[in-house]
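Asks: For reference, the structure I am asking about is given below.
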Amino acid sequence: MSAERKIRVAVVFGGRSSEHAISCVTAANVLQAIDRDKYEVIPIGISTSGHWVLESGDTEHLSITDGKLPEVDVTALPVLFGSNRELVVNDPGSVPSTLGEVDVVFPLLHGPWGEDGTIQGLLEMTDIRYVGSGVLASAVGMDKHFMKIVFQAAGLAVTPYVVVRGTQVDRAAVAALGYPVFVKPARGGSSLGITKVDGPDELDEAITAAQVHDPKVLIEAAATNPREIEVAVLQGLNGARPEASVCGEITVSGGGHEFYDFETKYLPEGDDFAALSIPAELPDEVAAQIREQSVLAFEAIEGEGLARVDFFLEPDGRVVINEINTMPGFTPKSMFPLLWNASGLDYPALVDRLLTLAMTRSTGLR
């Protein structure tokens, strides 16, 4: 990289998954927070059809407005990666032109085709540094089935579960979990496609709803009146151990929603909303235990960069890990930046820390 120019960052967002809109909202906030005195920013949107386009950088259309979800502007010019880490604009009807070398990519993609190791593999093949976990950690962090296997191997408690593919359901195994159960896409996020099922007569409909997002479905035993606790994790600097933020707690208010679903996260109405308590009111020893387990989970999947780790704290004090998210949301309501802000790292400093971590690690096998 020439000493005469700024660090060139390609911020990639949108994507083909059902979390396209949330990725756009995440990108809007990150684009506003990046230090333009230090970084040159190239915003790249991926449409739901998979087209890569050069966005304007205007963040207004990337926000949720009057309940309308944003999406990538497909009228923008197509973009693709060339050789030597260069971005090439492939304008139909003209000779392709280059935007120059990209130093680091910030892949703000949630869900499949982005957060699951796919774009990470592409960037590894093109020898480009990027923010966040590598191929394996991203894939394991996306698939709740294999995530649980890795967590159990690391000695972390998980909720009992049954995996469903297609229409073949082991109903006896599901019944053994005890109702109610939660049915969810195995490789989804933002609480999309999740249903609380109170009895076997509701099971087929819930599986069908989950399979709109993913043909692989997870059925989990429901924790009994748990508290939902979340922790944000950052990779340590200069080889230091990962750092955990303070703990935060989510409480769903109102009678219209029984759990922390998509609407309470992003489209609250009236008395139905998610209340965030940061820091969570926990005994010091319990908070320390949860923070330590969040780091263990990050290390178990060999995470890099960042993650948000979610737990259930049961009434008897038992800590159960729910999931890890290797590219958590950065919206104004997202726990990850709020947790770090409460821990002394504000939004712009957090974004800079993530880019610094990406720039200082090697490419290729690590």
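Asks: Which residue, chosen from V89, F151, T326, occupies the Cα position most advanced towards the positive end of the dipole of the chain, where the dipole is computed from +1 (Lys, Arg) and -1 (Asp, Glu) charges on Cβ about the Cα centre?
Replies: Checked the options; the winner is V89.
Asks: Can you list the residues, at least 5 places off or on another chain, whose amide H is less than 5 Å from the amide H of V79, using H built in the peptide plane?
Replies: W52, V53, L54, N90
Asks: Follow-up. Below 30 Å Cα-Cα, how many Lys pairs turn up in the chain? Only count pairs eight or more apart in sequence, or on different chains, if you could.
Replies: Here the count comes out as 28.
Asks: In addition: What is the sum of charges, Lys and Arg at +1 and Asp and Glu at -1, for the other residues whose Cβ falls under 10 Å from the Cβ of L339?
Replies: 0
Asks: In what order do M125, M359 fall by count of nearby beta-carbon atoms within 10 Å, going from fewest to most?
Replies: M125, M359
Asks: Going by C-beta contacts inside 10 Å, put V30, V158 in order with the fewest on the left.
Replies: By the 10 Å Cβ count, ascending, the order reads V158, V30.
Asks: Next up: Could you work out the helix-only [θ] at 222 nm for the chain, with each DSSP H run of four or more residues adding -39,500 (n - 2.57) and the total divided by the number of residues, to the nearest 500 deg cm²/dmol?
Replies: Theoretical 222 nm ellipticity from helices: -8000 deg cm²/dmol.
Asks: Next question. Once the other residues with Cβ under 15 Å from the Cβ of R85 are scored (Lys, Arg +1; Asp, Glu -1), what is the net sum?
Replies: My count for the surroundings of R85 gives -3.
Asks: Determine, for each peptide in 298-311, 4-17, the mean count of other beta carbons within 10 angstrom over its residues, then list the peptides with the highest first.
Replies: Ranking the peptides 298-311, 4-17 by packing returns 298-311, 4-17.
Asks: Classify region 7-130 as rounded, prolate or oblate, taking a ≥ b ≥ c as the square roots of the eigenvalues of its Cα gyration tensor: rounded when a/c is under 1.5, otherwise prolate if a/b is larger than b/c and oblate if not.
Replies: rounded
FYI, it's all coordinate maths here, none of it is from the lab. The structure displayed is predicted, hence computed values, not measured ones. Here Cβ is always computed from backbone atoms with ideal geometry, including for glycine, and neighbour counts include all displayed protein chains.
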